[in-house]
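Participant: I have a structure I would like to understand better, so I am pasting it below and will then ask my questions one at a time.
Just so it is clear, none of the values below were taken in a lab; they were calculated from the coordinates. Keep in mind that what you see is a predicted model, and the values were worked out from it rather than measured. All Cβ positions, even for glycine, are placed from backbone atoms using ideal geometry, and neighbour counts span all protein chains on display.
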Amino acid sequence: MILDAHCKLGDGREIDIEVQKANDDNHQKRVRYNGSVLTANIMDPGEKFENVPDVCVVFISRFDMFKDGIPLYHVDRVVRETGKVVDNGFEEIYVNAAVKDSSDVSELMEKRVRISCVK
């Protein structure tokens, strides 16, 4: 299954949803690339950078990308020297169906994966 969706939220944020079954690529770079392509496609050349809209890429997979045993990861930009989280308007969220931990996210992913496999 290949699925990409582009959504615009009421607050102006642009969302790119990626769904991947196979773990055979550099998916973090895929997320970075898709976020930059989305940004480039919604901006007009010469537009001031202050007008760049916030962009979020949601990466949904059957595998645990970071192998830390949780179904949902939010990746932030952090200043190494201070540990301070900084915001440039780009957000990465990774969701996986591999981890079964009875959380709401895990149960939702289990239901969705089971439904998609049955059809």
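Participant: Identify all residues within region 48-67 that are of a type outside the set (Val, Ile, Thr), under 16 Å from Asn88 (Cβ atoms) and surrounded by 10 or more Cβ atoms within 10 Å (Cβ to Cβ); write none if there are none.
Facilitator: Pro53, Asp54, Cys56
Participant: A further question follows. If the Cβ limit is 9 Å and pairs must be 6+ apart or interchain, which residue in region 14-25 that is among the charged types (D, E, K, R) pairs with which residue that is in a loop (DSSP other than H, G, I, E, B)?
Facilitator: Close Cβ pairs satisfying both conditions: Glu14/Pro53; Glu14/Asp54; Lys21/Met1; Lys21/Ile2; Lys21/Arg62; Lys21/Phe63.
Participant: Those residues that are among the β-branched types (Val, Ile, Thr) and closer than 13 Å to Lys100 by Cα, I need them from region 66-86; list them, please.
Facilitator: The one that is among the β-branched types (Val, Ile, Thr) and closer than 13 Å to Lys100 by Cα: Ile70.
Participant: Give the residue that is farthest from Ala97 (Cα to Cα), with candidates limited to residues of region 17-36 that are over 13 Å from the mean Cα position of the chain (by Cα) and surrounded by 12 or more Cβ atoms within 10 Å (Cβ to Cβ).
Facilitator: Filtering first and then ranking leaves Asn23.
Participant: Right, something else. State yes or no: is Thr82 assigned to a loop (DSSP other than H, G, I, E, B) and of a type in the set (S, T, N, Q)?
Facilitator: yes
Participant: Now for a separate question. Restricted to region 68-100, and to residues that are more than 15 Å from Gln28 (Cα to Cα) and of a type in the set (A, V, I, L, M, F, W, C), which residue is surrounded by the most Cβ atoms within 10 Å (Cβ to Cβ)?
Facilitator: For region 68-100, the residue satisfying everything is Ala97.
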